[in-house]
Amino acid sequence: MLASIKSNYLQSESKKLGMMYFRVAIVLFGAQLLMGLIAAVQFLVPGFLFEIFDFSVARMVHINALVVWMLYAMLGAVYYMIPDETGIETIGVGLGKLGFWVLTAAVAIVVLVYIFIQVGSGSEATIWLINEGREYLEAPRWADIGIVVVVLIFYWNVFSTFMKGQKTGIMTVMVANLMALAGLYLAGMFYTDNISIDQFWWWWVIHLWVEATWEVFVGTLAAYALIKIINAKREIVEMWLWIEVLMLFGSGILGLGHHYFWIGTPEYWWEIGALFSALEPVPLVAMFVHVLYDWGKEQGVAEKEGHRNVMRNGPAMAWIVTNAFGNFLGAGIWGFFHTLPQVNIYTHGTQFTAAHGHLAFFGAYATILIGMMYLGLQGAYGIKTLKATFKSKMGITMIVVGVLGMTVALTIAGYEQVLIERAELGAGWNAFFMAQELPWYVQAQTWRTIMGVVTFIGFVYLVWDLLTIGKQARLAQEAGIQQ
Ligand code: HEM
Ligand code: HEM
Ligand SMILES: [Fe+2]
């Protein structure tokens with residue numbers, strides 16, 4: 001019986017392609033976590049896997065896998081939602097599928113090269129063939145160009161479907177924002193041998209992705225998901241979306257200045273960066289309120305009308321609510337902590353930055369993208385109401401506790417670095433190493449590793465759930481237990 005239940009209830013090829021992207025995304029997420037664990041152990045036992053799998057490689061694969069899995073899940077989410085939003089099948093899905101396989105083959109080759117060629121001197125050829133050396137975007141140039149081609153196909157599919165189909169507010173924002181998101185990638189592709197100029201442009205990708213275009217992107221996902229899951233009113237959701245877009249771009253674009261304090265750019269960036277980045281938490285509050293407001297409102301309507309409130313997908317909603325909290329905490333609060341130059345002069349590049357990086361990437365992006373996977377599964381198995389299972393609950397709880405635990409531990413490590421390495425010992429090379437050997441730092445790194453293991457166990461539950469929840473719910477639905 002179980003074998004006859006397949007995830008083939010999707011009519012749309014675009015949605016099927018979306019699910020293909022989700023599958024690769026979750027595998028890369030797992031790889032990311034394993035690499036993080038190796039790097040975390042290396043903080044405690046520096047000789048661990050020395051010259052077999054060096055820290056530099058583990059860290060690089062950790063953060064590149066992070067970016068790539070998130071991009072995969074984003075592409076998946078777009079292909080999944082296009083047919084619903086435009087009312088038609090995505091144009092050019094066949095080409096889109098080809099793009100998927102090309103991209104996946106390229107990612108596999110890039111990672112294998114990273115693993116087999118770990119050290120060596122840099123040259124023009126290594127930039128083309130091995131590693132471009134820009135944190136988070138290390139793909140060699142050949143892969144960069146391949147990525148651009150695949151993204152052009154993708155964008156063409158999205159754009160032409162949008163032009164032909166119905167034009168909702170969500171799709172309008174999506175299409176315009178995706179153009180900016182994809183276009184920014186180009187800023188991280190050209191080579192310059194001046195490190196200041198290189199960093200100047202590199203931040204256009206990283207900052208303008210995570211603090212402008214990616215945020216707008218998840219705004220569109222949240223809007224779409226709230227309509228699907230709790231039947232939120234489109235007019236209200238889209239009104240929020242436009243306000244959020246305005247505020248996100250209003251603060252996020254010039255907030256870029258908070259990365260230009262110490263890299264050789266003119267000093268006026270201190271004021272610009274301080275002012276605009278300090279405003280960045282405002283839209284994040286709006287996004288937080290938005291999700292909770294809609295949720296509360298729909299519940300209120302249900303109570304008044306005397307019917308059960310609508311909750312079509314428990315696990316997806318849990319992840320989206322976690323997103324509202326996580327985005328606000330990780331990006332808004334932990335970001336604001338170190339965004340003023342007066343503070344950043346001490347915290348810059350410490351474990352405090354890593355604490356913020358973890359909670360922000362997780363809170364703002366991992367959460368909602370996992371939510372979209374659950375939404376996809378619901379469609380794939382044709383389930384009316386998807387309820388959380390024990391595994392769903394274990395997954396979300398352990399991952400959230402793990403990431404929060406890592407964040408707290410890293411914040412303590414960063415605090416120690418600020419006080420001892422920076423303030424007391426004067427921030428030199430020696431100070432850096434001395435501060436790393438003191439008990440507060442070592443204990444914090446130990447706790448981070450423990451919490452990393454907790455996160456990983458949560459991930460195992462999550463994958464287990466994703467693999468089984470659809471079939472189970474389908475069986476239950478067919479048996480008439482769940483309606
Ligand atoms: C979801 C949104 C965000 C994500 C994913 C994110 C992620 C990150 C990451 C990974 C870094 C480290 C970059 C590196 O390796 O050098 C970083 C740095 C930084 N972030 Fe964010 N961030 C977000 C939002 C914010 C916000 C809203 C603020 C301010 C209110 C902020 C302030 C900063 C600052 C000041 C730095 C530089 C830290 C340093 O000098 O070492 N971030 N962010
Ligand atoms: C098993 C759990 C994890 C462990 C053990 C782990 C460990 C690490 C380690 C050791 C580093 C290098 C830090 C450094 O160079 O000082 C790192 C960097 C990073 N990790 Fe993780 N990580 C885990 C999960 C995650 C998750 C879930 C996310 C986000 C969704 C994430 C995002 C990042 C980012 C953005 C950086 C770069 C931070 C920066 O340079 O400021 N990690 N991680
Ligand atoms: Fe930033």
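Read the figures in this text as sums done on the coordinates, not as results from a lab. Because the structure is a prediction, the values reported are computed rather than measured. We place every Cβ from the backbone using ideal geometry, glycine too, and count neighbours over all the protein chains shown.
Which part of the range 333-352 falls in the paramagnetic zone of GLU267, meaning amide N under 14 Å from the point 7 Å along Cα-to-beta-carbon? Flagged as within label range: 342. Just going by the charge dipole of the range 369-480, with Lys and Arg at +1 and Asp and Glu at -1 on Cβ, which of GLN477, LEU369, LEU438 is farthest out on the positive end? Projecting each Cα onto the dipole axis, the largest value belongs to GLN477.
Could you give the length gained by full extension between VAL408 and ILE333, i.e. 0.36 nm per residue of separation minus their alpha carbon distance, to one decimal place?
25.7 nm
How much FRET efficiency would the formula 1/(1 + (r/R0)^6) give for LEU438 and ILE345, where r is the Cβ-Cβ distance and R0 is 30 Å, rounded to 0.05? The value I calculate is 0.90.
Taking a cut-off of 16 Å, what percent of all Cα-Cα pairs in the range 376-483 are separated by more than that? Cα-Cα pairs of the range 376-483 separated by over 16 Å account for 67 percent. Computed from label points 7 Å out along Cα-Cβ, the spacing between LEU467 and THR172 is 4.5 nm.
How large is the charge dipole for the chain, taken about the Cα centre, if only the Cβ atoms of Lys, Arg (+1) and Asp, Glu (-1) carry charge, to the nearest 20 debye?
Working: 25 positive and 31 negative charges, 411 e Å.
So the dipole magnitude of the chain works out to roughly 1980 debye.
Peptides 190-198, 18-26: what's the order by average Cβ count within 10 Å, highest mean first?
Numbers: 190-198: 11.3, 18-26: 21.9.
For the peptides 190-198, 18-26, the packing ranking is 18-26, 190-198.
Summarising the label geometry, the points placed 7 Å from Cα in the beta-carbon direction at LYS387 and ILE109 lie 4.9 nm from one another.
Remark on LEU386: its backbone amide H falls under 5 Å from those of ASN313, GLY314, a criterion applied only to residues 5 or more positions apart or on other chains, H modelled at 1.01 Å from N. Dividing the summed helix terms, -39500 (n - 2.57) for each DSSP H run of n ≥ 4, by the number of residues in the chain produces a 222 nm estimate of -24500 deg cm²/dmol to the nearest 500.
Taking 0.36 nm per intervening residue step and subtracting the Cα-Cα distance, what contour gain separates GLU13 from PHE190 on full extension?
Gain on extension, GLU13 to PHE190, equals 60.1 nm.
Computed from backbone phi with θ = phi - 60° and the Karplus coefficients 6.51, -1.76 and 1.60, the 3J(HN,Hα) list for the range 36-44 is x, 5, 4, 4, 5, 5, 5, 5, 8 Hz; x is used for glycine and proline. The trypsin sites (Lys or Arg not before Pro) of the range 370-435 that DSSP puts in a loop, and whose beta carbon has at most 14 other beta carbons within 10 Å, are LYS384. Taking each residue as 0.36 nm, the span from SER160 to TRP101 lengthens on full extension beyond its C-alpha to C-alpha distance by 19.1 nm.
How big is the dipole moment of the range 312-477 about its Cα centre under a simple scheme where the beta carbon of each Lys and Arg is +1, that of each Asp and Glu is -1, and everything else is neutral? Debye, nearest 20, please.
Details: 9 positive and 5 negative charges, 218 e Å.
Here the size comes out at about 1040 debye.
Remark: for residue pairs LYS97/LYS164; LYS15/LYS393; LYS391/LYS471; LYS384/LYS471; LYS233/LYS304; LYS304/LYS387, the C-alpha separation exceeds 22 Å in LYS15/LYS393; LYS304/LYS387.
With the simple spin-label model, which puts each label point 7 Å out from Cα in the Cβ direction, the THR446 to PHE325 separation comes to 2.9 nm.
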